[in-house]
1. Here is a check on your reading of the model: is ALA17 open to solvent by less than 60 Å² (accessible area, probe 1.4 Å) and closer than 30 Å to ILE119 by Cβ?
2. Consider only pairs whose beta carbons are under 8 Å apart and that are at least six residues apart or on different chains; among these, list those whose first residue lies in region 72-97 and is surrounded by 21 or more Cβ atoms within 10 Å (Cβ to Cβ) and whose second residue is not hydrophobic (A, V, I, L, M, F, W, C).
3. Is it fair to say LEU186 is modelled with pLDDT of 75 or more and touching an Asp or Glu at 6+ places or on another chain (Cβ under 9 Å)?
4. Report every pair of residues separated by at least 6 positions or lying on different chains whose Cβ atoms are under 9 Å apart, first residue within region 158-185 and under 15 Å from GLN102 (Cα atoms), second open to solvent by 100 Å² or more (accessible area, probe 1.4 Å) and at pLDDT below 75.
Amino acid sequence: YYLTVGVVCVVGLLEIAGWYLGLRFLPRFQQGWWQIGSLADPIPPTLWRLNFTLTGATALSTYLALVIPPALALAVVAKRRDGRAAWLVLALTALSVQFLTQSRGGMLALAISLPMLCILLLSSRKVSLLVILKGRSARLATVAMVILLVAGVACFLPRWLARAATVEVRLELWRCAVQMVLDSPLFGVGLGN
(Lines give C-alpha, C1' and ligand atoms only; values in the text may rest on other atoms or scores of the structure.)
Protein backbone atom coordinates (compact mmCIF):
# COMPACT_ATOMS: atom_id res chain seq x y z
CA TYR A 1 0.00 0.00 0.00
CA TYR A 2 2.69 2.48 0.97
CA LEU A 3 4.65 1.74 -2.19
CA THR A 4 1.58 2.93 -4.09
CA VAL A 5 1.56 6.05 -1.90
CA GLY A 6 5.20 6.62 -2.83
CA VAL A 7 4.37 6.34 -6.53
CA VAL A 8 1.47 8.78 -6.14
CA CYS A 9 3.78 11.25 -4.39
CA VAL A 10 6.51 10.90 -7.02
CA VAL A 11 3.99 11.48 -9.83
CA GLY A 12 2.72 14.57 -7.99
CA LEU A 13 6.24 15.93 -7.61
CA LEU A 14 6.93 15.19 -11.28
CA GLU A 15 3.79 17.12 -12.17
CA ILE A 16 4.92 20.22 -10.27
CA ALA A 17 8.43 19.86 -11.75
CA GLY A 18 6.90 19.55 -15.22
CA TRP A 19 4.87 22.70 -14.67
CA TYR A 20 7.79 24.70 -13.34
CA LEU A 21 10.53 23.44 -15.64
CA GLY A 22 8.43 22.70 -18.73
CA LEU A 23 9.34 19.02 -18.84
CA ARG A 24 7.48 17.31 -21.61
CA PHE A 25 6.63 13.99 -19.97
CA LEU A 26 3.15 15.38 -19.32
CA PRO A 27 1.49 16.72 -22.48
CA ARG A 28 -0.16 19.68 -20.75
CA PHE A 29 3.11 21.51 -20.06
CA GLN A 30 4.61 22.73 -23.31
CA GLN A 31 6.36 25.64 -21.62
CA GLY A 32 7.35 25.87 -17.97
CA TRP A 33 7.38 28.79 -15.58
CA TRP A 34 11.18 28.82 -15.59
CA GLN A 35 11.15 29.46 -19.35
CA ILE A 36 8.72 32.33 -18.83
CA GLY A 37 10.15 33.98 -15.72
CA SER A 38 13.79 32.81 -15.85
CA LEU A 39 16.18 34.56 -13.46
CA ALA A 40 14.28 37.85 -13.69
CA ASP A 41 11.15 36.36 -12.07
CA PRO A 42 11.89 32.82 -10.78
CA ILE A 43 9.00 32.69 -8.30
CA PRO A 44 5.59 32.39 -9.97
CA PRO A 45 2.68 34.53 -8.70
CA THR A 46 0.61 31.39 -8.09
CA LEU A 47 1.52 27.74 -7.89
CA TRP A 48 0.13 25.02 -10.09
CA ARG A 49 -2.59 23.04 -8.34
CA LEU A 50 -1.71 19.35 -8.56
CA ASN A 51 -4.55 17.48 -10.22
CA PHE A 52 -3.08 14.87 -12.59
CA THR A 53 -2.76 12.00 -10.13
CA LEU A 54 -6.05 10.33 -9.15
CA THR A 55 -7.83 12.60 -11.69
CA GLY A 56 -8.20 15.60 -9.41
CA ALA A 57 -6.86 17.68 -6.56
CA THR A 58 -9.64 16.79 -4.13
CA ALA A 59 -9.29 13.04 -4.65
CA LEU A 60 -5.51 13.27 -4.32
CA SER A 61 -5.65 15.37 -1.16
CA THR A 62 -8.26 13.11 0.43
CA TYR A 63 -6.14 10.06 -0.35
CA LEU A 64 -3.05 11.66 1.16
CA ALA A 65 -4.95 12.91 4.21
CA LEU A 66 -5.69 9.27 5.01
CA VAL A 67 -2.04 8.27 4.53
CA ILE A 68 -0.07 10.97 6.36
CA PRO A 69 -1.17 10.32 9.98
CA PRO A 70 -0.43 6.55 9.91
CA ALA A 71 2.92 7.20 8.22
CA LEU A 72 3.82 9.71 10.95
CA ALA A 73 2.68 7.24 13.62
CA LEU A 74 4.86 4.54 12.08
CA ALA A 75 7.77 7.00 12.00
CA VAL A 76 7.33 7.62 15.72
CA VAL A 77 7.05 3.99 16.80
CA ALA A 78 9.61 2.45 14.40
CA LYS A 79 12.39 0.72 16.30
CA ARG A 80 15.16 1.11 13.73
CA ARG A 81 16.60 4.47 12.80
CA ASP A 82 16.47 3.84 9.04
CA GLY A 83 12.83 2.74 9.38
CA ARG A 84 11.97 5.99 11.16
CA ALA A 85 13.76 7.97 8.49
CA ALA A 86 11.95 6.15 5.68
CA TRP A 87 8.51 6.69 7.22
CA LEU A 88 9.35 10.31 7.93
CA VAL A 89 10.48 10.92 4.34
CA LEU A 90 7.27 9.34 3.06
CA ALA A 91 5.13 11.43 5.43
CA LEU A 92 6.92 14.69 4.57
CA THR A 93 6.74 13.95 0.84
CA ALA A 94 3.03 13.17 1.10
CA LEU A 95 2.52 16.33 3.15
CA SER A 96 4.32 18.40 0.51
CA VAL A 97 2.16 16.93 -2.25
CA GLN A 98 -0.89 17.50 -0.03
CA PHE A 99 -0.07 21.21 0.22
CA LEU A 100 0.52 21.45 -3.52
CA THR A 101 -2.99 20.13 -4.22
CA GLN A 102 -4.27 23.30 -2.52
CA SER A 103 -7.42 21.44 -1.53
CA ARG A 104 -9.31 22.89 1.40
CA GLY A 105 -10.93 19.56 2.17
CA GLY A 106 -7.60 17.80 2.43
CA MET A 107 -6.19 20.53 4.64
CA LEU A 108 -9.25 20.34 6.87
CA ALA A 109 -8.85 16.58 7.14
CA LEU A 110 -5.21 17.03 8.19
CA ALA A 111 -6.09 19.84 10.58
CA ILE A 112 -8.37 17.38 12.37
CA SER A 113 -6.42 14.13 12.05
CA LEU A 114 -2.92 15.33 12.98
CA PRO A 115 -3.87 16.78 16.40
CA MET A 116 -5.88 13.62 17.08
CA LEU A 117 -2.83 11.53 16.18
CA CYS A 118 -0.70 13.57 18.60
CA ILE A 119 -3.25 13.12 21.37
CA LEU A 120 -3.42 9.37 20.78
CA LEU A 121 0.36 9.01 20.65
CA LEU A 122 0.88 11.05 23.80
CA SER A 123 -1.80 9.11 25.67
CA SER A 124 -0.28 5.76 24.72
CA ARG A 125 1.67 3.94 27.40
CA LYS A 126 4.23 2.67 24.90
CA VAL A 127 5.02 6.09 23.45
CA SER A 128 5.85 8.76 25.95
CA LEU A 129 6.57 12.41 25.31
CA LEU A 130 10.24 11.79 26.13
CA VAL A 131 10.50 9.13 23.42
CA ILE A 132 8.89 11.39 20.83
CA LEU A 133 11.06 14.40 21.63
CA LYS A 134 14.27 12.35 21.90
CA GLY A 135 16.79 12.59 19.11
CA ARG A 136 17.90 15.18 16.62
CA SER A 137 15.90 13.67 13.76
CA ALA A 138 12.66 14.03 15.73
CA ARG A 139 13.38 17.69 16.44
CA LEU A 140 14.29 18.31 12.80
CA ALA A 141 11.11 16.58 11.69
CA THR A 142 9.05 18.72 14.04
CA VAL A 143 10.69 21.91 12.77
CA ALA A 144 10.17 20.79 9.16
CA MET A 145 6.48 20.06 9.81
CA VAL A 146 5.94 23.46 11.43
CA ILE A 147 7.75 25.23 8.57
CA LEU A 148 5.70 23.34 5.98
CA LEU A 149 2.47 24.12 7.80
CA VAL A 150 3.23 27.83 8.13
CA ALA A 151 4.50 28.07 4.54
CA GLY A 152 1.45 26.23 3.24
CA VAL A 153 -0.98 28.47 5.06
CA ALA A 154 0.93 31.61 4.04
CA CYS A 155 1.09 30.57 0.39
CA PHE A 156 -2.40 29.25 -0.04
CA LEU A 157 -4.54 31.33 2.33
CA PRO A 158 -5.10 34.14 -0.21
CA ARG A 159 -6.15 31.61 -2.82
CA TRP A 160 -8.51 29.87 -0.39
CA LEU A 161 -10.05 33.17 0.62
CA ALA A 162 -10.58 34.02 -3.05
CA ARG A 163 -12.58 30.80 -3.36
CA ALA A 164 -14.76 31.65 -0.35
CA ALA A 165 -17.81 32.02 -2.59
CA THR A 166 -17.73 28.28 -3.27
CA VAL A 167 -17.81 27.66 0.47
CA GLU A 168 -20.94 29.78 0.79
CA VAL A 169 -22.59 27.87 -2.05
CA ARG A 170 -21.72 24.55 -0.42
CA LEU A 171 -23.05 25.66 2.94
CA GLU A 172 -26.30 26.72 1.28
CA LEU A 173 -26.57 23.36 -0.48
CA TRP A 174 -26.09 21.53 2.80
CA ARG A 175 -28.59 23.79 4.58
CA CYS A 176 -31.18 23.05 1.88
CA ALA A 177 -30.43 19.32 2.00
CA VAL A 178 -30.87 19.21 5.76
CA GLN A 179 -34.14 21.12 5.46
CA MET A 180 -35.41 18.68 2.81
CA VAL A 181 -34.56 15.71 5.02
CA LEU A 182 -36.33 17.34 7.96
CA ASP A 183 -39.39 18.12 5.82
CA SER A 184 -39.68 14.58 4.40
CA PRO A 185 -37.60 12.21 6.54
CA LEU A 186 -39.43 9.02 5.59
CA PHE A 187 -40.10 9.20 1.85
CA GLY A 188 -37.63 11.85 0.62
CA VAL A 189 -38.43 14.62 -1.80
CA GLY A 190 -38.75 12.91 -5.15
CA LEU A 191 -37.45 10.37 -7.60
CA GLY A 192 -33.71 9.74 -7.19
CA ASN A 193 -33.45 12.06 -4.20
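1. On the way: open to solvent by less than 60 Å² (accessible area, probe 1.4 Å): yes; closer than 30 Å to ILE119 by Cβ: no.
In short, no.
2. Sorted first by the residue in region 72-97, then by its partner, the pairs are ALA75/ARG84; LEU88/SER137; LEU90/TYR2; LEU90/GLY6; VAL97/GLY12.
3. Details: modelled with pLDDT of 75 or more: yes; touching an Asp or Glu at 6+ places or on another chain (Cβ under 9 Å): no.
When the stated conditions are applied, LEU186 does not pass them.
4. none
The values are calculated or read from the model by the stated rules, or taken from the named source; none is laboratory data. Keep in mind that this is a model prediction, so the values were computed, not measured. A quick note on method: Cβ atoms are made from the backbone with ideal geometry, for glycine too, and the neighbour counts reach across all protein chains shown. Surface accessibility is based on the protein's heavy atoms, side chains included, excluding ligands, DNA and RNA. Shrake-Rupley method; radii C 1.70, N 1.55, O 1.52, S 1.80 Å.
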